[in-house]
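Read through the structure below, which is laid out as structure tokens, and then see the notes.
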Amino acid sequence: LKQQLLGAMPKGRTGRGGGAKGGAKGKAEEASRWRPKGEALGTAPGPGRQKIAQMSAEVRDDNPYSRLMALKRMGVVEDYERIRSLSVLIVGIGGVGSVVAEMLTRCGIGKLLLFDYDKVELANMNRLFFRPEQSGMSKVEASLHTLQGINPDVEFEVYNENITTASNYEHLLDRIRKGSLSGTAPVDLVLSCVDNYAARMTINQACNELGQTWLESGVSENAVSGHIQTMIPGRYACFECAPPAVVASGGDELAIKREGVCAASLPTTMGITAGLLAQATLKFLLNFGTVSTFLGYDALGDFFPTYPMVPNPDCNSNWCRKRQQEWKDRPKEEEKAPVEEMPAELHPDNEWGIELGDEGDLKAPEPPKDEKVDTKGASVADLMASLKKLNTS
């Protein structure tokens, strides 16, 4: 960065103003301002993009949705425009949550609700999304400034709150219940991107209580593995059904995240985990593809394990057991008789009149017959001598 800044300055001047005359201090201050690579001194940022009333599939250089709408044209998503009516609540705007928020913002999600109570630090700069000049800002405030600039069509609600306190827990419940674009309906999905046991248990309790579908995510302390998990209350295992090994074995939950121990962090692993979470979110909301109940990522072995996660009938959560019973008691969908479909004609235009017949009509070729040659009593040596004479004559 220093070389870029010095290279952009007139010759004979330095970033500190040493040896410069006449306004060198102001020039140095301008040079020390953060700017994207390639932006010359004295230039101002562009005007940014304007709000767009309706998504369009028109292929234009100034249409930010054209490549997203191409998913509809290619048969991947039936109704991509529906994404603008959907809302997602994200708890934890760190190495995974901030990247997921950016991806969903770029995809044109209707509304994002962000919860976090931490601040941006220079120690976060090995991750994606946040920038050095945002150090000291709350993560939700810094996220709001960045995301609004990326896509002004998205509505945002940001809360600098610790959800594990009693009052903030009630506020979380309220925003899950009424966080939709209309302000009267629940959000469409909750994403957990937190890094501690207490926050995960809080989200689990809230979603079990409300019957709210949510996706959980996490990255290991050694930064070389991650996972995402789908939580549909009553249908799949909740977080308390299959708690971390430390808790399941009767250990102290505080030992999961040890105070004063610096966990490793790789932007690659966090970016991959965030990509998996955002992809699962899109598939769930727009109803395409398969959403795994559990999808892991092992960076060392390039391995992506998947597991079924059935609920624990003896789960410690009363709400979980109640949702399990509701799922069992739900009306069963009537099985429809399979409809035999006639195969579609592949080539209706048959210019050459080619017809396909049954393979049974084809006759198997007859095996070749063994033909005997009369040598009139001559031996092989006599025949070879005769052939040699023919070749030399």
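The values are calculated or read from the model by the stated rules, or taken from the named source; none is laboratory data. Keep in mind it's a predicted model, so treat the numbers as computed, not measured. Every residue, glycine among them, receives a Cβ derived from its backbone with ideal geometry; neighbour counts consider all protein chains shown. Heads up: the accessible areas ignore ligands, DNA and RNA and are worked out on the full protein's heavy atoms, side chains in. Shrake-Rupley method; radii C 1.70, N 1.55, O 1.52, S 1.80 Å.
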Which numbered condition LEU71 misses (of (1) among the aliphatic types (A, V, I, L, M); (2) under 25 Å from LEU181 (Cβ atoms); (3) part of a loop (DSSP other than H, G, I, E, B)): (3)
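With at pLDDT 90 or above and at negative phi as the only criterion, which of ALA248, ALA237 stands out?
Numbers: ALA248 fails: at pLDDT 90 or above.
Exactly one of ALA248, ALA237 is at pLDDT 90 or above and at negative phi, namely ALA237.
Run down PRO338, PRO311 and say which single residue is assigned to a loop (DSSP other than H, G, I, E, B), open to solvent by less than 90 Å² (accessible area, probe 1.4 Å) and either of a type in the set (Gly, Ala, Ser) or modelled with pLDDT under 95 (or both). So that I can check it myself, show each step before the final result.
Values: PRO338 fails: open to solvent by less than 90 Å² (accessible area, probe 1.4 Å).
Being assigned to a loop (DSSP other than H, G, I, E, B), open to solvent by less than 90 Å² (accessible area, probe 1.4 Å) and either of a type in the set (Gly, Ala, Ser) or modelled with pLDDT under 95 (or both) holds for just one of PRO338, PRO311, which is PRO311.
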Filter result for VAL59 (among the aliphatic types (A, V, I, L, M), in contact (Cβ under 8 Å) with a residue 60 or more places away in the chain, open to solvent by 60 Å² or more (accessible area, probe 1.4 Å) and in a loop (DSSP other than H, G, I, E, B)): no
Scan of the stretch 156-175 for residues that are over 18 Å from ALA198 (Cα atoms) and touching a residue at least 60 places away in the same chain (Cβ under 8 Å), ordered by number: ARG175
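Does ARG60 satisfy the criteria of being over 22 Å from the mean Cα position of the chain (by Cα), at negative phi and not small (Gly, Ala, Ser)?
Values: over 22 Å from the mean Cα position of the chain (by Cα): yes; at negative phi: yes; not small (Gly, Ala, Ser): yes.
So ARG60 fits the description; yes.
Can you tell me which residue within the stretch 180-193, out of those that are touching a residue at least 12 places away in the same chain (Cβ under 8 Å) and open to solvent by 20 Å² or more (accessible area, probe 1.4 Å), is farthest from ARG321 (Cα to Cα)?
Looking at residues that are touching a residue at least 12 places away in the same chain (Cβ under 8 Å) and open to solvent by 20 Å² or more (accessible area, probe 1.4 Å), I get LEU181.
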Among (1) open to solvent by less than 60 Å² (accessible area, probe 1.4 Å); (2) modelled with pLDDT of 85 or more; (3) over 18 Å from the mean Cα position of the chain (by Cα); (4) not basic (Lys, Arg), the one test that SER85 misses: (1)
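Count, please, the residues in the stretch 158-179 that happen to be small (Gly, Ala, Ser) and surrounded by 18 or more Cβ atoms within 10 Å (Cβ to Cβ). I'd like the intermediate steps shown before the answer.
First pass over the stretch 158-179, keeping only residues small (Gly, Ala, Ser): 166-167, 179.
From what's left, surrounded by 18 or more Cβ atoms within 10 Å (Cβ to Cβ): 179.
So the count comes out to 1.
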Check on PHE115, farther than 27 Å from VAL77 by Cα, touching a strand residue (DSSP E or B) at 6+ places or on another chain (Cβ under 9 Å) and not in a helix (DSSP H, G or I): yes
Extreme residue, modelled with the highest pLDDT, among residues of the stretch 194-203 that are out of contact with any strand residue (DSSP E or B) (no Cβ under 8 Å at 6 or more places or on another chain) and open to solvent by 40 Å² or more (accessible area, probe 1.4 Å): MET201
